[in-house]
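Novice: Structure in structure tokens, see below.
The values are calculated or read from the model by the stated rules, or taken from the named source; none is laboratory data. What you are looking at is a predicted structure, and each value in this text was computed from that prediction instead of being measured. Using ideal geometry, Cβ is built from the backbone for each residue, glycine included, and neighbour counts are taken over all protein chains shown. Accessible surface is based on the protein model in full, side chains and every heavy atom, while ligands, DNA and RNA are left aside. Shrake-Rupley method; radii C 1.70, N 1.55, O 1.52, S 1.80 Å.
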Amino acid sequence: MSTKLFVGNLSFNITENDLQHGFAAHGTVLEANLMMDRATGRPRGFAFVTMATPEEAQKMLLTAVKEWGEYVRAAGIEPQ
């Protein structure tokens, strides 16, 4: 069963690839969706990342991660 995380406070220079690699250090990433602004094509500063197991998602939530020059905050959404 996978778990989706909401990730906020992201840099506007981040890419989905950056998310994938950054979160992979904490477990298996099934999907990383960076929300983009339709008008400008720039990232909106938040994303949804789906981790393979609830344990990996919990590990991510408990780990203070400093990535991309800013503190990233993650909140559990729902098991899938």
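Novice: Out of the residues in segment 1-17 meeting the condition of being hydrophobic (A, V, I, L, M, F, W, C) and in a strand (DSSP E or B), tell me which one is surrounded by the most Cβ atoms within 10 Å (Cβ to Cβ).
Specialist: Per the criteria, the residue is Val7.
Novice: Within the bounds of segment 18-35, is there any residue that is in contact with a Gly (Cβ under 6 Å, 6 or more places away or on another chain), surrounded by 14 or more Cβ atoms within 10 Å (Cβ to Cβ), aromatic (Phe, Trp, Tyr) and at pLDDT below 95? I'd like the intermediate steps shown before the answer.
Specialist: Step one: filter segment 18-35 for residues in contact with a Gly (Cβ under 6 Å, 6 or more places away or on another chain), giving none.
Checking segment 18-35: not a single residue is in contact with a Gly (Cβ under 6 Å, 6 or more places away or on another chain), surrounded by 14 or more Cβ atoms within 10 Å (Cβ to Cβ), aromatic (Phe, Trp, Tyr) and at pLDDT below 95.
Novice: Now, a different point. Please identify the pairs in which a residue from segment 21-34 that is of a type in the set (S, T, N, Q) has its Cβ atom under 6 Å from the Cβ atom of a residue that is outside any strand (DSSP E or B) and surrounded by 14 or more Cβ atoms within 10 Å (Cβ to Cβ), counting only partners at least 6 apart or on another chain.
Specialist: Thr28/Ala52
Novice: Here are the criteria: (1) part of a strand (DSSP E or B); (2) within 15 Å of Asn9 (Cα to Cα). Tell me which single one Glu31 does not satisfy.
Specialist: Just one mismatch for Glu31, condition (2).
Novice: Can you tell me how many residues within segment 36-59 are open to solvent by 50 Å² or more (accessible area, probe 1.4 Å) and among the polar types (S, T, N, Q)?
Specialist: Residues that pass the stated criteria total 2.
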